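Data block below; observations after.
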Protein chains: 2
Amino acid sequence: MTTSRTLETFEDCLRADAEDPIRAIRDEFDLPVGVLYFDGNSLGPRPHSASACAERVVHEEWGTGLIRSWNTAGWFDLPVRLGDKLAPLLGAGQGQVAVTDSTSINLFKCLAAALSIAKQTQPARRVIVSERDNFPTDLYIAEGIIGFLDSGYELRLIDDPAELSSAVDADTAVVMLSHANYRTGYLYDMSAVTTEVHERGALMIWDLAHSAGAVPIDLVGADADFAVGCTYKYLNGGPGSPAFIWVNERNMHAGRQPLSGWWGHARPFAMEPGYEAHEGIRRFLIGTQPITALSLVECGLEIALRVDMSDIRQKSLALTDLFIALVEQHCAGFGLELITPLEHEHRASHVSFVHPEGYSIMKALIARGVIGDYREPGVLRFGVTPLYIGYVDVWNAVDALRDILESGSWDRPEFRERDAVT
Amino acid sequence: MTTSRTLETFEDCLRADAEDPIRAIRDEFDLPVGVLYFDGNSLGPRPHSASACAERVVHEEWGTGLIRSWNTAGWFDLPVRLGDKLAPLLGAGQGQVAVTDSTSINLFKCLAAALSIAKQTQPARRVIVSERDNFPTDLYIAEGIIGFLDSGYELRLIDDPAELSSAVDADTAVVMLSHANYRTGYLYDMSAVTTEVHERGALMIWDLAHSAGAVPIDLVGADADFAVGCTYKYLNGGPGSPAFIWVNERNMHAGRQPLSGWWGHARPFAMEPGYEAHEGIRRFLIGTQPITALSLVECGLEIALRVDMSDIRQKSLALTDLFIALVEQHCAGFGLELITPLEHEHRASHVSFVHPEGYSIMKALIARGVIGDYREPGVLRFGVTPLYIGYVDVWNAVDALRDILESGSWDRPEFRERDAVT
């Protein structure tokens, strides 16, 4: 597959922006002057509506409503109300999604529930299959559960998506993968992988942190078992905004997750000493949610819901194609190695290059207002977010990259100095 | 113990307010006109500074700083920076506290770590002792862990604090209690109970949800093992603001908690596939925190740190004494039964009465602007928060209660109708 047409000049990019059917949506975001923001895959920018939302929650709901806002502002139902709002972007049904806690915690719940289902139906299966290059916290959580249960579970890691078929066998209880790889942007075929995993008798958990809001997702269509993901990246929910969890209807009541807090109880306000899980997705809630941060998630969701996902996907592929082509044309010979798949069906919405001096090059770019990010080892990562990035933005970003490489201006002490958070 | 003097008339209360050394601190809070707020034990009111803080985080740090704010605004260190700020209010040392996640999740971590320590040192001990009247989520979390581990652990519940001594025996691995009971306000002697539990060879976990910020606490002095608690009650952190976790230095590296996410890793940005826990309290962090909600915690903490805890305690006891005495004098014969201890050493900072029509009486009070809350079964609960409640406020609240009881005005359909969140 290739893009519908080739963009080669700055003027081509100008024209593409002018013809872009979703160009106007960028006006919904606060994009600082002088910044080209290619890090929406890490932290989405602020919707303009977020300030008024924060003011409403902090000033009115908390300040004036006080404790009454649990009822009048609907705080208690917020995780499931937002989950229902998010559901269409995941191909999920109503009542199947909650926005709550962090991705790591939600993955723990899913993995625990999946293992409890596997234990009931296929107790001999003791292997969790994942990928060495999965986002590390996913592996750490699996390690944590395995160590805690101390009942012979094992984490089996593949080094390449091509190894998946041979890794999933009769010992496999659960397969746990990131839909889009955080470093390379490699995108799994959710439907094909899920089908294969099921054929081999295992359960399938997807981490959508780097794909939700960026690519079309059909969890119900793929018949996945569990999914988790992030709202602060492509869904623009705000720094550290609560994550989401999706559970297939057939697993909803079959497994049990041990973080059985009062928000997951059938009658949370009856204050009974014994736990009885609520029907549906609420049983995956734990305790009181950070209402201010949670409320802000709605601003980003409302923007995403106004745009057709097929328009987002088409523009995302056109922009990443352009990014890759321009780097190839203008930055050749400077040692940048593309690690993002060229095939559209395996490309999410960021492009990444490895360079031995990647850290300093990214710091030099950021100092010029082109904000991407850096990931060990040596990865320059550029999030391409069609809601607010245009074709000229890509042109200008690559031009800045070219200039930094040509001039060698990345080779300065201030760009070598490591920040605490990289 | 009794209060230093008896307040009998409205004029006595006026005078007590005028002489109150911490009276001025109430000006730091946004207290709506026409509201007497006796529910700070459930959700503290908004510090005036919270609006500017929310604006700063949402507009500047998120909107303008974008991803750079992980470094420039110190987001990544916020859980431990706030933990260090909170520490003096808990009698905790620096580096021992983190503000993160919810109380239920933090309790899960503590219980898991405690059980892992007990398993290493005294594997035959399989009993967790708690109280049937503990806040339910604490019991649900224990139930969740026990079911998940499936290795013969058992939850043993006492029905009265007096039963504790006989319940903690050679089978007991962990004792897990709320310092202050959420219904009655009964306050355990943290030091004496911890000593006794240790003498019997068990570990001690305290839930400080209803005591942190309200009564003097000395975790290090009492030599407790673990503690968790809440920042949105007496610490005025905002609706659902992240909770806290404290771990005794000797347990910091001895146990392991299975929610081993990347924020707890020794080198979170090295992106290694294997987990290695960070030194100190950071190993009790999991994943990305809700920065907006977390940042707001600082506003409440800064107010609390300006006041001497002995002043808060003295005023709290004077106010609860007054509340109890006025109800006894003015509401006698209407069937209110005090369930809060009269002894100061066993009284936290709320007073509770049982009444068969408690729900409707509380709704009638709230309709008049006297906001307390209701807890099953039949409990009218009044949080007495010395930072912003005065003696005249108590007089007026009890006067409203008297009037509602005398007139029978609680007996209306609108006060019988149950809200979703009670």
With the crude spin-label approximation of a point 7 Å out along Cα→Cβ, what separation in nm comes out for residue B:406 versus residue B:12?
1.8 nm
Give me the residues in the stretch B:223-263 whose solvent-accessible area, probe 1.4 Å, is reduced by at least 30 Å² once all protein chains are included instead of the chain isolated.
B:232, B:239, B:240, B:256, B:258, B:259, B:260, B:262
How large is Rg over Rh for the stretch B:1-138, taking Rg from the Cα atoms and Rh as the Kirkwood inverse mean of 1/r across Cα pairs?
1.08
Measuring from its Cα centre, the stretch B:221-347 shows a charge dipole (+1 at each Lys and Arg Cβ, -1 at each Asp and Glu Cβ) which, in debye to the nearest 20, is 400 debye
With the 1.4 Å probe rolled over protein heavy atoms, the stretch B:293-362 has an accessible area per residue in Å² of 34 Å²
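Among DSSP beta bridges lying fully in the protein assembly as shown, give the percent that are antiparallel, nearest 5. Write out the running numbers ahead of the final one.
Values: 44 of 80 bridges.
The answer is about 55 percent antiparallel.
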Picking from B:231, B:72, B:385, which is most flexible by a Gaussian network model of chain B using Cα springs under 10 Å?
B:72
For chain B, list the DSSP H helices whose alpha carbon atoms reach 15 Å or more along the long axis and whose average Kyte-Doolittle value is 1.0 or above?
B:136-149, B:291-304
Hey, how many Å between the Cα centroid of the stretch A:116-141 and the Cα centroid of the stretch A:27-50?
36 Å
Suppose the chain between residue B:329 and residue B:250 were pulled fully straight at 0.36 nm per residue; how much longer would it get relative to their current alpha carbon spacing?
23.4 nm
Where is the GNM fluctuation largest for chain A (alpha-carbon springs, 10 angstrom cutoff): A:274, A:74, A:152?
A:274
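Where a ≥ b ≥ c are the square roots of the eigenvalues of the C-alpha gyration tensor, would you call the stretch B:340-394 rounded, which needs a/c under 1.5, or, failing that, prolate if a/b is larger than b/c, or oblate?
Oblate is the answer for the stretch B:340-394, as a/c is 1.5 or above yet b/c matches or exceeds a/b.
Kindly work out what percent of the DSSP beta bridges joining two residues of chain B are antiparallel, to the nearest 5. Walk me through the intermediate numbers first.
On the way: 22 of 40 bridges.
For chain B, the DSSP antiparallel bridge percentage is about 55.
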For the stretch A:211-330, averaging the sequence separation of alpha carbon pairs under 8 Å that lie six or more residues apart and dividing by its residue count, the contact order in percent is 27 percent
7 Å from Cα along Cα→Cβ at both residue A:122 and residue B:272: what's the point-to-point distance in nm?
3.3 nm
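Taking a ≥ b ≥ c as the square roots of the Cα gyration tensor eigenvalues, with a/c under 1.5 meaning rounded and otherwise prolate when a/b beats b/c, else oblate, which class fits the stretch A:228-283?
Values: a/c = 3.20, a/b = 1.71, b/c = 1.87.
Taking the square roots of the gyration eigenvalues as a ≥ b ≥ c, the stretch A:228-283 is oblate.
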Just check the protein assembly as shown against the gyration tensor rule for me: Cα atoms, a ≥ b ≥ c as the square roots of the eigenvalues, rounded for a/c under 1.5, and otherwise prolate or oblate depending on whether a/b exceeds b/c.
prolate
Which GluC sites (Glu not before Pro) does the stretch B:384-422 hold that lie in a coil by DSSP with at most 15 other beta carbons within 10 Å?
B:417
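What percentage of all Cα-Cα pairs in the stretch B:301-396 are separated by more than 16 Å? Could you put the intermediate results ahead of the total?
Values: 2639 of 4560 pairs.
Result: 58 percent of Cα pairs exceed 16 Å.
Let's test the formula: R0 of 25 Å, r as the Cβ-Cβ distance of residue A:345 and residue A:24. What FRET efficiency results, to the nearest 0.05?
On the way: r = 29 Å, r/R0 = 1.16.
Efficiency at R0 = 25 Å is approximately 0.30.
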Kirkwood Rh over alpha-carbon pairs of chain B plugged into Stokes-Einstein at 25 °C, 0.890 mPa s gives a D in µm²/s of 109 µm²/s
Note: residue A:306 to residue A:171 extended length (0.36 nm per residue) minus current alpha-carbon separation gives 44.2 nm
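Length gain on complete extension for the stretch residue A:56 to residue A:199, per 0.36 nm per residue less the alpha carbon to alpha carbon distance? Don't jump to the answer; show the numbers that get you there.
On the way: separation 143, 0.36 × 143 = 51.48 nm, distance 4.97 nm.
Gain in length upon complete extension: 46.5 nm.
Please compute the contact order of the stretch A:108-159 in relative form: average sequence separation of alpha-carbon pairs under 8 Å and at least six residues apart, divided by the residue count, as a percent.
Details: 43 pairs, mean separation 23.0, N = 52.
Dividing the mean separation by the residue count of the stretch A:108-159 yields 44 percent.
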Two pseudo-spin positions, 7 Å from Cα along C-beta at residue A:132 and at residue A:218, lie apart in nanometres by 3.4 nm
Can you compute the FRET efficiency between residue A:399 and residue B:314 using 1/(1 + (r/R0)^6), with r the Cβ-Cβ distance and R0 = 51 Å? Round to the nearest 0.05.
0.15
Pick from B:169, B:311, B:150: which residue has the top mean-square fluctuation in a GNM of chain B where Cα pairs under 10 Å get a spring?
B:150
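The values are calculated or read from the model by the stated rules, or taken from the named source; none is laboratory data. This one's a predicted model, so the numbers in the text were calculated from it and none came from an experiment. Here Cβ is always computed from backbone atoms with ideal geometry, including for glycine, and neighbour counts include all displayed protein chains. SASA here: full protein model, heavy atoms, side chains in, ligands and nucleic acids out. Shrake-Rupley method; radii C 1.70, N 1.55, O 1.52, S 1.80 Å.
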